[in-house]
Amino acid sequence: MPELPEVETTTRGLKKEIAGLKILDVWTDLNTKDKRKHDTVADVKYFKTFKKEISGTKIISVERKAKNILINLSTPPRPTGTPPSKGGDKTILIHLKMTGHLLYGKYKFNPSSYHHRKGGAGSWIPDEKANSPLHDPYNRFIHVVFTLSNKKHLAFCDMRKFGKMTLLDTKTAHDTKHLNNIGPDPLEKSFNLRTLKERLLKKLNGKIKTVFMDQSVIAGIGNIYSDEILWRSGVHPERKTNTLKENELKLILKSTKELLNKGIDFGGDSMSDYRNIYGLRGEFQLHHEAYRCTGEKCRRSRVSPRGRKKYCKGVILRKIINGRSAHYCSNHQK
DNA sequence: ACTAGCCCCTGGGAGC
DNA sequence: TGCTCCCAGGGGCTAG
């Protein structure tokens, strides 16, 4: 599932590949009457406006805010004599939720493809050789396709359709409900021990794992990285935030920065369906110490004063905490 | 103002 | 082989 490192990997890819290009057209097969999706491209009426507003615009920049991707556009061109678009420049806000990812490449319509056989309304497959990584089944659930001015496409692939794509006014994007209640980004240099303490004060009585995944407290951390951070910090996921000692907070801060950076260095976590914009897997899943390691021996080791390597005698346990599965060591996480 | 719990969605895996 | 059932979970929403 895309968390900060996965969204950052995608954002970096987009900055490199699509900044400066124009959006010529957009297609979707999403069509819902679900009220909760009325302000997204999944809503038919909304999609019409969306298409009109973004067609012909230029992609100015791409940024990440927590787990959201923001694609900032130029003002849409208007025929002479017609007033400019209300609200000025637009920003496409994308949240990948559980199974979403973005793909950049060449696509062509193929009605007999895998996705179509599964009942999709339409389907696009990559215009690549058969052994292309883009033929990975997880890259076939394509629901929105942007046609770009270099004849390539930006596709939104989302197996479970939890993802969200909506259009905002660039000027006020950060003040909308989507973005105005998000805590500081832990990878910012200014995010230090003081910041961490201040943020945790917001939820004094909460379990650390739950609080850590709360986007209004800290931005970008989800189930995988919270498990890994707490494993490395030696802190039990159910510890109340107000019982954490100074040295534990220091460890949590250090582990957070280290693991999020490690996630980015490995190109994200593809244990499930995350793929980068070229359709390729990241490798962080090969370095899990806790997440989905239930029943395995704890891999933590330390070097004793005599120079011997001592292994933790714990086993990784799984427990549902506030409706989310938590994985932690039975021994060293206290 | 809080929080627990439901819901969205669908492929994959287990069990029969 | 093929059916049913359950699981994964971010975050919006609602009921308490």
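Where a number appears in this text, it was derived from the coordinates with a stated rule and is not lab data. It should be emphasised that the depicted structure is a prediction, and the values quoted were computed from it without experimental measurement. All Cβ positions, even for glycine, are placed from backbone atoms using ideal geometry, and neighbour counts span all protein chains on display.
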* Take the alpha-carbon positions of the stretch A:150-247, form their convex hull, and give its projected area averaged over all directions (one quarter of the hull surface) in nm². => 9.6 nm²
* Cα-derived Rg to Rh of chain A, Kirkwood definition -> 1.02
* Would you mind ranking A:V217, A:V41, A:V315 so that the residue whose beta carbon has the fewest other beta carbons within 10 Å leads the list? => A:V315, A:V217, A:V41
* Along the positive direction of the dipole of chain A (beta-carbon charges: Lys, Arg +1; Asp, Glu -1; about the Cα centre), which of A:N322, A:I94, A:F47 reaches farthest? -> A:N322
* Structure fact -> Contact order relative to length for the stretch A:193-329, counting C-alpha pairs under 8 Å separated by 6 or more residues, stands in percent at 20 percent
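Between A:N180 and A:T49, how high is the FRET efficiency from 1/(1 + (r/R0)^6) when r is the Cβ-Cβ distance and R₀ = 25 Å? Nearest 0.05.
0.65
Taking the number of other C-beta atoms within 10 Å as the exposure measure, put A:S226, A:S233 in order starting with the fewest.
With the fewest neighbours first, A:S226, A:S233 line up as A:S233, A:S226.
Could you list A:Y46, A:Y225 so that the one with the fewest beta carbons within 10 Å of its beta carbon is first and the one with the most is last?
In order of increasing Cβ crowding within 10 Å: A:Y46, A:Y225.
Taking a 21 Å limit on the Cα-Cα distance, which of the listed pairs A:K207/A:K250; A:K65/A:K319; A:K45/A:K90; A:K67/A:K151; A:K197/A:K240 fall beyond it? Please list the in-between numbers first.
Numbers: A:K207/A:K250 17 Å; A:K65/A:K319 30 Å; A:K45/A:K90 18 Å; A:K67/A:K151 28 Å; A:K197/A:K240 13 Å.
The pairs that break the limit, which is 21 Å between Cα atoms, are A:K65/A:K319; A:K67/A:K151.
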* Structure fact -> Taking chain A and counting helices only, DSSP H stretches of n ≥ 4 at -39,500 (n - 2.57) each over all residues, the nearest-500 ellipticity at 222 nm comes to -6500 deg cm²/dmol
* Treating only the Cβ atoms of Lys and Arg (+1) and Asp and Glu (-1) as charged, compute the dipole magnitude of chain A about its Cα centre; round to the nearest 20 debye. => 940 debye
* **Spin-label zone in the stretch A:276-308 - amide nitrogen under 19 Å from a point set 7 Å from the Cα of A:N331 along the C-beta vector** => A:288-308
